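Shown next, in structure tokens, is the structure this report addresses.
Just so you know, all these numbers are worked out from the coordinates, no wet-lab data involved. Since the structure is predicted, the reported quantities are computational estimates derived from the model, not experimental observations. So basically every Cβ, Gly included, is an ideal-geometry build from the backbone, and we count neighbours across all protein chains shown.
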Amino acid sequence: MSHETSLQQFESLYPLPGIALWKKNIDSVLVDVNQEYARIYGFNSPQDAIGKTDYDIPCGIAELAHYFRENDRKILSALKPAKFLCILKTANGEWKVFLVVKSIYYLNNKAEGTAAYSVELPNLFLKLGKNPVTAKNSTSAIAQVSYTIRPNIIQLTNKESECLFFLMRGKSAKETAIILNISPRTVEKHIESIKYKFNCRTKLELIAYAIENNYLNIIPESLLQQQVLISLE
């Protein structure tokens with residue numbers, strides 16, 4: 001890719017740190033990145049990242065390489081963008097939270113690969129471009145308007161806060177158990193405890209209560225020691 005079309009030329013459009021840009025070909029090999037991507041992901045320079053895959057990322061993020069590549073394939077297959085909330089262990093062992101948006105890029109009307117950007121949270125107030133889904137008509141993943149990182153929610157333990165976080169995003173007990181490395185039965189016990197504390201009889205009622213009381217946008221601080229990738233679609 002020539003210097004004239006390099007993503008680094010867009011650095012001046014983003015005066016705040018934390019916004020990374022990158023492009024991959026159809027084989028999920030990096031073909032262009034900006035300086036912020038190199039810094040966050042642990043490369044010495046943008047040029048060092050070219051030709052690398054997610055497995056070659058020199059920090060803890062490489063542990064999720066399989067999921068990143070799987071998402072690239074799904075985006076190329078579905079021919080539409082996707083959004084993700086990611087909690088990642090970046091360069092120098094720092095834990096960071098990102099909103100990631102991926103889409104297809106084309107050359108001569110042919111899909112050449114995926115282009116993406118990530119915005120570090122909670123540095124910016126973000127609008128995701130879609131209205132929240134109410135618990136009355138859906139139990140699927142719910143869109144957020146903004147995010148804040150906080151210690152465990154009042155009345156709840158760390159694990160209860162984490163289970164509530166994933167419940168509101170449409171995760172089953174089995175899926176949550178895999179992410180948190182606990183058993184599905186333990187997840188269900190935590191959910192039952194939360195229902196009791198919030199005086200809710202069902203999961204649907206619990207989700208509605210949590211939305212009404214602004215728990216939807218809270219990222220439990222205890223999750224910042226666990227790499228997580230959540231689809232926001």
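Taking only the stretch 98-114 into account, find how many residues are crowded, with 19+ Cβ neighbours inside 10 Å, touching a Phe, Trp or Tyr at 6+ places or on another chain (Cβ under 7 Å) and under 23 Å from GLN225 (Cα atoms).
Number satisfying all stated conditions: 1.
Within the stretch 180-196, identify whether any single residue is under 30 Å from SER103 (Cα atoms) and touching a Ser or Thr at 6+ places or on another chain (Cβ under 7 Å), and answer yes or no.
Looking through the stretch 180-196, none of the residues is under 30 Å from SER103 (Cα atoms) and touching a Ser or Thr at 6+ places or on another chain (Cβ under 7 Å).
Which members of the stretch 157-187 meet the condition of being acidic (Asp, Glu) and surrounded by fewer than 16 Cβ atoms within 10 Å (Cβ to Cβ)?
GLU175
Could you check, for the stretch 58-70, whether at least one of its residues is in contact with a Phe, Trp or Tyr (Cβ under 7 Å, 6 or more places away or on another chain), hydroxyl-bearing (Ser, Thr, Tyr) and within 19 Å of VAL228 (Cα to Cα)?
So far as the stretch 58-70 goes, no, none of its residues is in contact with a Phe, Trp or Tyr (Cβ under 7 Å, 6 or more places away or on another chain), hydroxyl-bearing (Ser, Thr, Tyr) and within 19 Å of VAL228 (Cα to Cα).
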